[in-house]
Amino acid sequence: MGRVAVASAPAKAILFGEHFVVYGKPAIAMALNRRVRATSTINDRGEVRVRSSLGSSTIPLESIDDTQLYEHDPHRHIVFAVANVMRLLNRYAGVDILLESDFPYGMGLGASAATSTATIASIASIFGAEMSKDEVFRLSVEAERLVHKNPSGIDSAVCTYGGLLLFKDGMIERLDRKGYSPLDQCQGQGQGLQFVVVSSGMVKDTGSMVMKVKSRGESNREEFASLAEMSEAITVQALYAIRCNDLARIGELLTLNHGLLKRLGVSNDTLDAIVYEALRNGAYGAKLTGAGGGGCIISLVDGSRGKVLLNALSRYEAFISGIEDDGVIIEG
Ligand code: MEV
């Protein structure tokens, strides 16, 4: 067997500001305690082979720069990311990449960005190169661009850096680590937050939801601008609530944000029903997370409430998560 390198990256959930973040508005997102692992092995077949629960793809090494050749492949962003890493390092070799995830694809939890960041780190590692997180982030955003034309970069940011992030126009601030001075009251924001993540079981397509929002914005600019203002106001208020660890207020703002996304047209009956059920069972607040149209909802809970909620929503796939500290890491 050839050389092997393993890297992993976390799933993500957007707490506030999705969709409008594409238009320069602020958003808050966190890494979840679920990960995807990329195991890369050098092969002597001169091909890039990617395997995941989506199937298997094989592209000859000499064709990896020709994105048209694999534009309909479910692993196209992975092959594209591999091509970019190899070009950057000026090192080329056939490689087998195995992607193993403990969270589902297509559910709004950032599988696309997590698989690309983990792959980028493992390919760099297999060539013995040290790649900075900033470089992993940049390459991951490029790979995301192949999947949906206009990514804000927030998914790649969370999967790369981990933690609780404020994201605006490519500017990234890690809230849970901010301020190393004991006088800084912002230190360790949001560290105790706990969420139940519930899957609707409906696979969504981020690219088409982003396009849907774009055409909605073009057909009613005034309404879109006012929704964007509201999203920004909710996110800014959420920052204060997180700083004060005011769970009731954070919850209220989450539910308000869901209403806004519903108005934007990215929710559906199933997501609304799960949000309602989470609230009825004692969540502080709940909302869809990510692109919408399916995928997951997140609900803020404290201590014992998490288990109560899991029981009440047992017909859905669900798990409890706090904020995951680690972004992308090399595991071996
Ligand atoms: C997708 O996880 C988040 C969106 O805001 C798109 C993006 O930010 O690129 C819907």
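The values are calculated or read from the model by the stated rules, or taken from the named source; none is laboratory data. Here the structure is a predicted model, which is why all the values come from computation and not from measurement. Don't worry about glycine lacking a Cβ; one is built from the backbone with ideal geometry, like all the others, and counts go over all protein chains shown.
Yes or no: segment 55-66 includes at least one residue that is within 26 Å of LEU300 (Cβ to Cβ) and either within 16 Å of the ligand (Cβ to nearest atom) or hydroxyl-bearing (Ser, Thr, Tyr) (or both).
no
Please enumerate the residues belonging to segment 273-332 that are of a type in the set (Asp, Glu) and more than 21 Å from LEU256 (Cα to Cα).
Selection gives GLU317, GLU324, ASP325, ASP326, GLU331.
Taking segment 150-163 as the region of interest, how many residues are more than 10 Å from the ligand (Cβ to nearest atom) and surrounded by fewer than 17 Cβ atoms within 10 Å (Cβ to Cβ)?
0
From the list SER215, SER226, pick out the single residue that is outside the structural domain of ILE14 (by TED's automatic domain parsing), of a type in the set (Ser, Thr, Tyr) and either more than 16 Å from the ligand (Cβ to nearest atom) or crowded, with 18+ Cβ neighbours inside 10 Å (or both).
Exactly one of SER215, SER226 is outside the structural domain of ILE14 (by TED's automatic domain parsing), of a type in the set (Ser, Thr, Tyr) and either more than 16 Å from the ligand (Cβ to nearest atom) or crowded, with 18+ Cβ neighbours inside 10 Å (or both), namely SER226.
Would you mind listing the helices (runs of 4 or more DSSP H) fully within segment 217-332 where at least 1 residues are touching a Leu at 6+ places or on another chain (Cβ under 9 Å) and without any contact (Cβ under 8 Å) to a residue 40 or more places away in the chain?
221-243, 247-264, 269-280
When the residues of segment 262-277 are narrowed to those that are more than 16 Å from MET107 (Cβ to Cβ) and within 22 Å of the chain's Cα centre (by Cα), which ends up farthest from the ligand (Cβ to nearest atom)?
ASP272
Can you work out which of the residues in segment 1-55 that are more than 30 Å from ARG249 (Cβ to Cβ) and charged (D, E, K, R) is surrounded by the fewest Cβ atoms within 10 Å (Cβ to Cβ)?
ASP44
So, MET131, is that one within 22 Å of MET86 (Cα to Cα), over 12 Å from the mean Cα position of the chain (by Cα) and either surrounded by 19 or more Cβ atoms within 10 Å (Cβ to Cβ) or within 16 Å of the ligand (Cβ to nearest atom) (or both) or not?
When the stated conditions are applied, MET131 passes them.
Quick check: anything in segment 106-115 at pLDDT 95 or above, more than 13 Å from the ligand (Cβ to nearest atom) and within 17 Å of PHE80 (Cβ to Cβ)?
yes
Quick check: anything in segment 115-136 aromatic (Phe, Trp, Tyr) and closer than 30 Å to CYS244 by Cα?
No; the residues of segment 115-136 include none that is aromatic (Phe, Trp, Tyr) and closer than 30 Å to CYS244 by Cα.
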